[in-house]
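Beneath this line is the structure, given in structure tokens, with notes to follow.
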Amino acid sequence: MRVGDRFWRESDERFSQWGLTDNHYNVLRILNGAGEPISQSEIGRRMLSSRANVTKLVDLLEERKFVKRLSCGDRRVNLVELTDEGAQWIADTLPAIVGAAQERMKPLTREEQKTLFALLGKLLNE
């Protein structure tokens, strides 16, 4: 838990330089990976987050013009789409984000990293 907490705080500090949190980044990654507009409830499901929390995250990302909400036939459903600005931001910041992750994992050998990921995966899939 201490390791997770430390990584979480470091992640928050990293994303604060862009005025975002790691949860904002997760929304952008989900949309980027989806390749098409998806509902806020689907974003929440993928993040294991509440709909209210996703709404707040999308509000800020929409304000920054990284995403846009699309009207849908069902007024209860909000589809969210990654904008060109959002995709460009991901592309521009990816080297810094990947570099920070690689730096964090540096104390472990490549083999140790593989073992760690495999073990954590087993715990997640339990």
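Please treat every number below as a calculation from the coordinates, not as lab data. What you see is a predicted model; the values in this text were computed from it and never measured. Using ideal geometry, Cβ is built from the backbone for each residue, glycine included, and neighbour counts are taken over all protein chains shown.
Once you have the alpha carbon radius of gyration of segment 2-124, what is it after dividing by 2.2 N^0.38 Å, with N set to its residue count?
Working: Rg = 16.2 Å, N = 123, 2.2 N^0.38 = 13.7 Å.
Compared with the compact-globule rule of thumb, segment 2-124 sits at 1.18.
Once fully extended, how much extra length lies between Q113 and M47, figured as 0.36 nm per residue of separation less the alpha-carbon to alpha-carbon distance?
Values: separation 66, 0.36 × 66 = 23.76 nm, distance 2.37 nm.
Here the segment from Q113 to M47 would lengthen by 21.4 nm.
Give the residues of segment 94-120 whose amide nitrogen is closer than 17 Å to a point set 7 Å from the Cα of R6 in the direction of its Cβ.
Within reach of a label on R6, which here means backbone N under 17 Å from a point 7 Å along Cα→Cβ, segment 94-120 contributes 100-109, 113, 116-117.
By how many nm would the segment from L60 to M105 grow when fully extended, if each residue of separation counts as 0.36 nm and the alpha-carbon distance is taken off? If you can, show how the numbers build up before the last one.
Values: separation 45, 0.36 × 45 = 16.20 nm, distance 3.06 nm.
Taking L60 through M105 to full extension adds about 13.1 nm, to one decimal.
Check which residues have an amide H placed less than 5 Å from V67's amide H, if you skip close sequence neighbours.
For V67, the qualifying residues are E62, T83.
Taking only pairs that are 8 or more places apart or on different chains, how many Lys pairs in the chain have Cα atoms under 16 angstrom apart? Mind showing how you got there, number by number?
Details: K56/K65; K56/K68; K106/K114; K114/K122.
Counting lysine pairs in the chain gives 4.
Mind checking the angle between helix 2-16 and the chain's longest principal axis? C-alpha axes, 0 to 90 degrees, to the nearest 10.
Its long axis makes an angle of about 50 degrees.
Mind putting a number on the dipole of the chain about its Cα centre? Charges go on the C-beta only, +1 for Lys and Arg and -1 for Asp and Glu, and I need it in Debye to the nearest 20.
On the way: 20 positive and 19 negative charges, 64 e Å.
In total the dipole reaches around 300 debye.
Is it possible to state the helix-based mean residue ellipticity at 222 nm for the chain, with each DSSP H run of 4+ residues giving -39500 (n - 2.57), the sum divided by total residues, to the nearest 500 deg cm²/dmol? What is it? Don't skip to the end; give the middle numbers.
Working: 6 runs with 85 residues, N = 126.
Calculated at 222 nm, the ellipticity per residue is -22000 deg cm²/dmol.
Over 18 Å apart: what share of the alpha carbon pairs of segment 15-82 falls there, rounded to a whole percent?
Values: 628 of 2278 pairs.
Beyond 18 Å sits 28 percent of the P(r) for segment 15-82.
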